[in-house]
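**Q** Okay, handing you the structure first.
Coordinate-derived values only; no laboratory data. None of these values were measured; they are calculated from a predicted model. Note: ideal-geometry Cβ built from the backbone for every residue, glycine included; neighbour counts use all protein chains shown.
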Amino acid sequence: MASSEEDGTNGASEASDEKEATGKRRRLGFLATAWLTFYNIAMTAGWLVLAIAMVRFYMEKGTHRGLYKSIQKTLKFFQTFALLEVVHCLIGIVPTSVLVTGVQVSSRIFMIQNEESVVLFLVSWTVTEITRYSFYTFSLLDHLPHFIKWARYNFFIILYPVGVAGELLTIYAALPYVKKSGMFSVRLPNKYNVSFDYYYFLLITMASYIPLFPQLYFHMLRQRRKVLHGEVIVEKDD
Amino acid sequence: MKHYEVEILDAKTREKLCFLDKVEPQATIAEIKNLFTKTHPQWYPARQSLRLDPKGKSLKDEDVLQKLPVGTTATLFFRDLGAQISWVTVFLTEYAGPLFIYLLFYFRVPFIYGHKYDFTSSRHTVVHLACICHSSHYVKRLLETLFVHRFSHGTMPLRNIFKNCTYYWGFAAWMAYYINHPLYTPPTYGAQQVKLALTIFVICQLGNFSIHMALRDLRPAGSKTRKIPYPTKNPFTWLFLLVSCPNYTYEVGSWIGFAIMTQCVPVALFSLVGFTQMTIWAKGKHRSYLKEFRDYPPLRMPIIPFLL
């Protein structure tokens with residue numbers, strides 16, 4: 001799912017919320033903490049810049065037409081940087097699974113533009129990411145304003161479905177263009193005896209939202225109940 | 001002789017599930033599990049985990065009641081492991097699939113490639129070689145499952161069979177599709193490359209088999225003992241000097257050989273994924289060896305000599 005609503009990543013685990021209660025310190029070296037703090041602040045700033053650019057565009061032009069083109073470079077820059085989040089998991093300074101993060105990050109790399117639906121997911125991504133990265137930043141610095149925590153665990157209720165709708169519509173709208181141009185695709189014969197059809201890949205991606213989105217959404221709902229309302233959830237055994 | 005009383009509580013709810021009185025002191029956990037099944041037939045022994053502490057480790061089937069740190073009234077905690085399936089069943093199913101599926105592609109059964117290719121045969125020698133290698137690899141695995149391997153555990157969770165079969169069957173189909181495709185491109189360096197790769201494949205398969213036999217001989221039939229494996233007269237087993245799990249080393253080698261032979265990216269990816277999984281297993285095994293045996297040879301690495 002492109003809106004990376006994975007909890008407790010990028011240096012701020014849920015332990016940091018309970019930390020105030022238990023006084024337990026999460027063991028992260030100074031260098032790792034410094035880097036993650038810098039990273040999260042930078043990403044917050046980046047998505048803020050994007051959000052401001054979007055608002056300004058709309059105020060000047062009065063329409064969302066051409067919006068994607070104008071912010072494309074900045075968007076791609078910050079989205080590519082998010083690849084680092086996979087590295088963070090790999091080297092262990094963030095406790096999330098590499099696979100989950102990899103899926104989330106890569107699901108965003110291949111988005112193609114189409115004006116209307118793009119606005120949908122752009123808006124939800126920017127708001128979500130600003131909230132999420134500020135949340136991690138403040139948690140890392142041990143100074144989490146209650147508002148940020150509230151935002152992080154409530155905004156998603158609306159933003160997540162909106163973002164997913166935007167993403168799905170965008171992929172759907174791009175399909176004819178993908179099929180005609182054969183972009184990102186590799187055909188036989190070739191000396192590596194492999195082929196890749198981006199068109200079918202996108203179809204499978206769209207289908208995968210059906211099982212994945214509810215799981216991620218309900219996971220966030222459960223996290224929300226645990227963090228905001230202190231509910232004790234009995235996890236299913238594996 | 002004093003008899004024990006055993007009460008079994010649910011590890012999560014602490015509900016009293018069963019009370020056994022007049023239990024022999026030398027009764028094993030396996031026997032207690034059998035008694036528990038009588039009162040709760042849906043929980044056959046393989047899916048029972050009994051432990052002294054609700055959050056502790058499972059007791060072993062061979063553990064004797066008398067030797068456990070319990071009083072004459074023992075409290076055991078029960079956790080349901082979920083539906084179980086035997087290792088042998090899982091292995092046979094997950095290996096039979098690739099054997100069969102690959103052949104569907106090799107014989108170009110209808111509806112895979114264009115209709116004009118139905119039941120045609122490739123003109124490339126390497127494609128026929130690949131079929132022989134792939135098929136004999138899985139036949140070897142099936143025979144080893146039936147006659148060679150001695151499993152520590154009888155069962156695994158049922159959901160594993162779906163996960164494992166998806167992995168093996170999926171990759172087999174993906175590889176087979178390209179290797180047996182009418183537009184397949186033989187290796188860049190021709191017969192030289194194929195010969196070299198085939199040699200690697202055969203040597204590693206023999207190596208892998210030798211290790212499986214050596215491991216089997218370490219453990220008498222029906223037992224679950226663990227011993228440090230050592231090199232034998234068979235030169236293939238000399239890899240034990242350098243790694244804890246040479247069977248995995250040889251298996252990775254085989255698939256690298258197959259990838260070079262077919263020059264096919266999906267095969268390389270399959271090798272990579274397999275290597276990753278086997279490395280995780282090898283590291284775990286290596287750690288257990290180190291924990292269990294004080295005199296474990298220090299030169300050995302888990303899977304790759306000197307490196308990993």
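**Q** Which ³J(HN,Hα) values in Hz, rounded to whole numbers, follow from the phi angles of the range B:20-34 under the Karplus curve 6.51 cos²θ - 1.76 cosθ + 1.60, where θ = phi - 60° and Gly and Pro get x?
**A** Whole-Hz 3J(HN,Hα) from phi for the range B:20-34: 10, 10, 6, 8, 4, x, 8, 5, 8, 4, 4, 5, 5, 4, 5.
**Q** With a 10 Å cut-off between alpha carbons and a GNM built on chain B, which of B:Gly284, B:Gly253, B:Gly71 moves the most?
**A** B:Gly71
**Q** To the nearest 0.05, what FRET efficiency results for B:Leu158 and A:Leu31 with a Förster distance of 45 Å applied to their C-beta separation? Display every interim value, and only then the final one.
**A** Details: r = 45 Å, r/R0 = 1.00.
The computed FRET efficiency comes out at 0.50.
**Q** Can you compute the label reach from B:Ser49? Point 7 Å from Cα along the Cβ direction, backbone N cut-off under 11 Å, restricted to the range B:55-95.
**A** Residues B:55-59, B:78-82 qualify, since their backbone N sits under 11 Å from the label point.
**Q** Tell me, what ³J(HN,Hα) does each residue in the range A:48-65 have, in order and in whole Hz, if you take phi through Karplus 6.51 cos²θ - 1.76 cosθ + 1.60 with θ = phi - 60° and put x for Gly and Pro?
**A** 5, 4, 4, 4, 5, 4, 5, 5, 4, 4, 5, 5, 7, 9, x, 8, 9, 5
**Q** P(r) for the protein assembly as shown, please, calculated from all Cα pair distances in 10 Å bins and given in %.
**A** All Cα pairs considered, the percentages come to 3, 13, 18, 21, 22, 16, 6, 1, 0, 0.
**Q** Under a cut-off of 20 Å between alpha-carbon atoms, report the lysines in cross-link reach of A:Lys61, not counting same-chain residues fewer than 8 places apart.
**A** A:Lys69, A:Lys73
**Q** Amide H to amide H, which residues 5 or more places from B:Ala74 or on other chains are under 5 Å from it, using H placed in the peptide plane?
**A** B:Glu5, B:Val6, B:Glu7
**Q** Here is a further query. Restricting attention to the alpha-carbon atoms of the range B:160-282, what are Rg (one decimal) and Dmax (integer), both in Å?
**A** Computed over the Cα atoms of the range B:160-282, radius of gyration and Dmax are 16.7, 52 Å.
**Q** Now for a different question. Here is the link list: B:Lys12/B:Lys33; B:Lys38/B:Lys60; B:Lys12/B:Lys283; B:Lys57/B:Lys283; B:Lys195/B:Lys285; B:Lys16/B:Lys60. Which ones come out longer than 27 Å on Cα distance? Please report the intermediate quantities before stating the final value.
**A** Working: B:Lys12/B:Lys33 18 Å; B:Lys38/B:Lys60 20 Å; B:Lys12/B:Lys283 32 Å; B:Lys57/B:Lys283 21 Å; B:Lys195/B:Lys285 34 Å; B:Lys16/B:Lys60 22 Å.
Long pairs (Cα-Cα over 27 Å): B:Lys12/B:Lys283; B:Lys195/B:Lys285.
**Q** Please list, ordered by chain and number, the residues whose modelled amide H lies under 5 Å from the amide H of B:Thr155; skip anything fewer than 5 residues away on the same chain.
**A** Amide H to amide H, under 5 Å and 5 or more residues apart or across chains, B:Thr155 pairs with B:Trp87.
**Q** Hey, in the GNM for chain B with a 10 angstrom Cα cutoff, which one of B:Tyr168, B:Tyr177, B:Tyr189 fluctuates hardest?
**A** Result: B:Tyr189 has the largest fluctuation of those listed.
**Q** Along the range B:226-234, what does the Karplus equation 6.51 cos²θ - 1.76 cosθ + 1.60 (θ = phi - 60°) give for ³J(HN,Hα), rounded to whole Hz, x for Gly and Pro?
**A** The phi angles translate into 10, 9, 6, x, 10, x, 10, 5, 5 Hz.
**Q** Give the long-range amide H neighbours of B:Met301: residues separated by 5 or more places, or on another chain, with amide H under 5 Å away, using H modelled in the peptide plane at 1.01 Å from N.
**A** For B:Met301, whose amide H was placed from the backbone, the distant partners under 5 Å are B:Val243, B:Ser244, B:Phe306.
**Q** OK, next. Would you mind telling me which residue in B:Phe91, B:Phe78, B:Phe258 has the biggest mean-square fluctuation in a Gaussian network model of chain B, where springs connect alpha carbons within a distance under 10 angstrom?
**A** Answer for the Gaussian network model of chain B: B:Phe78.
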